[in-house]
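The values are calculated or read from the model by the stated rules, or taken from the named source; none is laboratory data. Keep in mind the model is a prediction, meaning the values are calculated, not measured. Virtual Cβ from ideal backbone geometry, glycine too; neighbours counted across all protein chains shown.
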Amino acid sequence: MNSRRWHGPLADAALVAVSLLDVWAHFDSTEPLRMACALVAAFSLLLRRRWPFFTFLLTMPAVLFSDAVFSALAALYTLSSHSRRRVLLAMCAVAFTISDLTSWPNPHLDLSEPSTLVTFGYTGGTAGAAVFLGQLVQTRRDLSLRIAEISEARDHERMLTDQTVLARERAQLAREMHDVVSHQVSLIAVRAGALQVGARDAEAREAAITIRRLSVQTLDELRHMVSVLRASGGRPTELTPQPSLADLRQLVDNSGIEAELHMDLPEGLSPPVQRAIYRTVQEALTNVRKHAPGADATVRMGTEGGAVQVTVTNSAPTRPALPLPSAHYGLIGLNQRAALLGGVVTSGPTPDGGYELSLRLPANSAV
């Protein structure tokens, strides 16, 4: 950015310096008018970017009255690189050629002499070269802009294509969730309801109630997720209300295991911290239910050194765990969530055969 900002002034200064060298090379102390015109032409190049045609006009007296013509050629090149009026450029090139061939205040132009024709061709070719070079730079600039526009349009088209593919995948995922997952969860809820009514054992009836309640909650969340997925590309859909610390008691009570909650946290924790605590406890209790049947759990929360400390500890299981599918994404998600908040999650077995999961977060974390 800085190099681009200084590129223009440095180029102008370089052109002025070369023009002054041209004036010095043709310096004649007996011709002050010619030297003054040449100096005006040299310093007028500082205006070439803002007023290219006016700058060219300021350089013409130097061509008429002196041999310092570099500033006029630079001005003609600048005008050609900014103007699209071909007739104007041709007239300026002709004006430069004729002015360079004459010598004021005593003009002398004899086209019958061969040397004059050679000089005319050389001068006209020099002016034409300045015009062609300016037009070439203008064409290159236009091509660069067009390429940038094409690249931007291609990126936009690629983004639209990606969005279309994503919308198609989300719609397919929504259909699968509705047709397969929701159907199976509904069957679980129905069978749990039947077990609740027909069970004679109080413990079995309580387990059926828990299964049915969790199935209904899961079904509601699935239906909302399906509606969110199907809303892809349309008006944004509100997400399910996010949990907070106020929901922890209900989470522990409805976990389906014997669990104790000891919470001593300050008020005013940010919503991201509260969600991280809730999801950590939820994942820990779910793992206890899956992998440690019959175990009880203890959930402790407090602050230590300006950080929130959450620990979920369970005892050893009293019966073998059922083989359930698991991709271990739960702990990975907890680690990622904690890392975003500047915290850390640790987990591992305890000496008595149980398991402990711990979360430590800065109390003032926010995302």
Restricting to region 318-335, name every residue that is in contact with a Lys or Arg (Cβ under 9 Å, 6 or more places away or on another chain), surrounded by fewer than 11 Cβ atoms within 10 Å (Cβ to Cβ) and modelled with pLDDT of 75 or more. none
Name the single residue that is surrounded by the fewest Cβ atoms within 10 Å (Cβ to Cβ) among those in region 241-273 being at pLDDT 85 or above and among the charged types (D, E, K, R). Asp264
Going residue by residue through region 254-271, is there one that turns out to be assigned to a helix (DSSP H, G or I), in the same structural domain as Val344 (by TED's automatic domain parsing) and of a type outside the set (Asp, Glu)? yes
Identify all residues within region 344-353 that are surrounded by 14 or more Cβ atoms within 10 Å (Cβ to Cβ) and either among the polar types (S, T, N, Q) or modelled with pLDDT under 90 (or both); write none if there are none. Ser347
Do you know which residues across region 280-310 are more than 23 Å from Ala207 (Cα to Cα) and buried (at least 19 other Cβ atoms within 10 Å of the Cβ)? Thr280, Met301, Val308, Val310
Condition broken by Val281, with the remaining ones in (1) at pLDDT 90 or above; (2) more than 22 Å from Thr218 (Cα to Cα); (3) among the aliphatic types (A, V, I, L, M) satisfied: (2)
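Can we say Ala338 is farther than 24 Å from Arg213 by Cα, buried (at least 18 other Cβ atoms within 10 Å of the Cβ) and either of a type outside the set (Val, Ile, Thr) or free of Cβ contacts under 8 Å to residues at least 40 places away in the same chain (or both)?
yes
Table: residues versus (1) at pLDDT below 80; (2) more than 30 Å from Arg205 (Cα to Cα); (3) in contact with a Pro (Cβ under 8 Å, 6 or more places away or on another chain).
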| site | (1), (2), (3) |
| --- | --- |
| Ile150 | no, yes, no |
| Val165 | yes, yes, no |
| Ala174 | yes, yes, no |
| Val180 | yes, no, no |
Quick one: what pairs do we get from region 118-147, first residue in contact (Cβ under 8 Å) with a residue 40 or more places away in the chain, second surrounded by 12 or more Cβ atoms within 10 Å (Cβ to Cβ) and of a type in the set (Val, Ile, Thr), C-beta under 7 Å, 6+ apart or different chains? Ala127/Thr97; Gly134/Thr78
